[in-house]
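Chemist: A single structure is presented below for examination.
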Amino acid sequence: MRQIVIRRLLREIFINDLPTILQNSKCLLFADDSKIFKSVADISDCEALQNDFFRLQQWCETWKLSLNAKKCVSIGFTNKKAQTDFQYSIGSQPLSQCEQVNDLGFLLNSKLNYKAHVTDVTRKSLKMIGFIKRTCKDFRNIDVLKNVYNTTVRPKLEYCTPIWTPHQKTYVDELERVQRKFVKFLCFKANVNYSSTNYAALCKQFKMPMLEQRRKYFDIMFLYNCVNSNFNCHELISAISYHVPSRNFRQKSLFRPDQGRTSIRRNSVLIRCQNTFNNLHAHMELDLALSLQPFKYKCKEVLYK
């Protein structure tokens, strides 16, 4: 284990200067995962990006590194019907073009909708629900069953939710269907009539917040970390828009997010998080200057009441 940790550390140090060799594009690094990207308007932008791939190849040759082009893919994100067609390559090996890619456990497609990811996590979670029902059929303790659910199912449903939280009711209901199935199982164990009681009331009875409420909580916590500079990302922090108070001191909106012309823009991460905070802040004041634990407690109190 020690050798693995040292090897990973040395690799991260070794490739840490990779972004400095790129002249026309930007680069994101996480562990051994790298992404090179650029906004493309015409074929000249594609050629500029390809030139950075040439520099990447030269950098690898200088440091005696080899790239497996079969594990590298190119994907373009756009709402246009026709994308700029260009064949990228690293060295003499062309990069395969794809419409969907798995990025650190998150499914992204070229249209930037999250249907594939929602379907995937729902399918995996329902399988785990079935496994719990089979293996825990003799369990009677509700708290034990909830702990099993919270440690095996909910992490699948809530992995990186600030990035992909859906706004379409279809996807919201599809995700909530997983917890509905588990709540129905708890009702069977607790001798509670599931069909005659509202789902939201059952969640309160079993002290299980609805998944939609928990996604809002994660959005607020993401914004809290951005505002308090807990993320080492200046571009992310500088993208937050604050509301400057006027003579109307009753104005409770702390943020002033961009409204956006498209639904994708309006429901992008930072804009959605700011709107979520403003909506909660209008009903009960949330102080972003609080330390982490008191803020978590206050946020849950507002959301889960």
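The values are calculated or read from the model by the stated rules, or taken from the named source; none is laboratory data. It should be emphasised that the depicted structure is a prediction, and the values quoted were computed from it without experimental measurement. Counting neighbours? That spans all protein chains shown, and the Cβs are built from the backbone with ideal geometry, glycine included. What goes into the accessible areas is simple: the full protein's heavy atoms, side chains included, and nothing from ligands, DNA or RNA. Shrake-Rupley method; radii C 1.70, N 1.55, O 1.52, S 1.80 Å.
Chemist: Given R₀ = 35 Å, FRET efficiency for D143-Q97 by Cβ-Cβ distance, to 0.05?
Modeler: 0.10
Chemist: With +1 on each Lys and Arg Cβ and -1 on each Asp and Glu Cβ, how big is the dipole of the chain about its Cα centre, in debye rounded to the nearest 20?
Modeler: Approximately 1580 debye in magnitude.
Chemist: Could you give me the percent of Cα pairs per 5 Å distance bin for region 6-156, shortest bin first, beginning at zero and ending with the bin that holds the maximum distance?
Modeler: 2, 7, 13, 16, 14, 11, 9, 8, 7, 5, 4, 2, 1, 0
Chemist: Follow-up. Just to be sure I follow: if Rg is taken over the C-alpha atoms of the chain and Rh is the Kirkwood radius over the same atoms, what is Rg/Rh?
Modeler: 1.02
Chemist: Still on this structure: Could you work out the helix-only [θ] at 222 nm for the chain, with each DSSP H run of four or more residues adding -39,500 (n - 2.57) and the total divided by the number of residues, to the nearest 500 deg cm²/dmol?
Modeler: Taken over the chain, the calculation gives -15500 deg cm²/dmol.
Chemist: Let me ask something else about it. At 1.4 Å probe radius, can you tell me the per residue accessible area of the chain in Å²?
Modeler: Solvent-accessible surface per residue comes out at 64 Å².
Chemist: Sticking with this structure for a sec: Could you work out the Kirkwood radius for region 48-126, taking every pair of different alpha carbons, averaging 1/r and inverting it, reported in Å?
Modeler: Averaging 1/r across every pair of different Cα atoms and inverting gives 14.7 Å.
Chemist: When N counts the residues of region 180-305, how does its alpha-carbon radius of gyration compare numerically with 2.2 N^0.38 Å, as a ratio?
Modeler: Against the empirical 2.2 N^0.38 Å value, I get 1.29 for region 180-305.
Chemist: Quick one: 3J(HN,Hα) in Hz for region 262-278, Karplus 6.51/-1.76/1.60 with θ = phi - 60°, rounded, Gly and Pro as x.
Modeler: 10, 5, 4, 5, 5, 10, 5, 3, 5, 5, 5, 5, 5, 5, 4, 5, 4
Chemist: Putting +1 on Lys and Arg Cβ atoms and -1 on Asp and Glu Cβ atoms, find which of M284, F222, A201 reaches farthest to the positive end of the dipole of region 170-305.
Modeler: My answer, from the dipole projection, is A201.
Chemist: A further question on this structure: Which percent of the Cα-Cα distances in region 251-303 go past 19 Å?
Modeler: Beyond 19 Å sits 33 percent of the P(r) for region 251-303.
Chemist: Just the Kirkwood number for region 150-220, please: inverse of mean 1/r across all distinct Cα pairs, in Å, one decimal.
Modeler: 12.9
Chemist: Got a number for carbon plus sulfur as a percent of region 256-305's accessible area, 1.4 Å probe?
Modeler: 50
Chemist: Can you compute the modelled spin-label distance between K184 and N51, with each label point 7 Å from Cα toward Cβ, in nm?
Modeler: Inter-label distance under the simple model: 6.0 nm.
Chemist: S44 to R261: FRET efficiency via 1/(1 + (r/R0)^6), r the Cβ-Cβ distance, R0 30 Å, to the nearest 0.05?
Modeler: Using R0 = 30 Å, I get an efficiency of 0.70.
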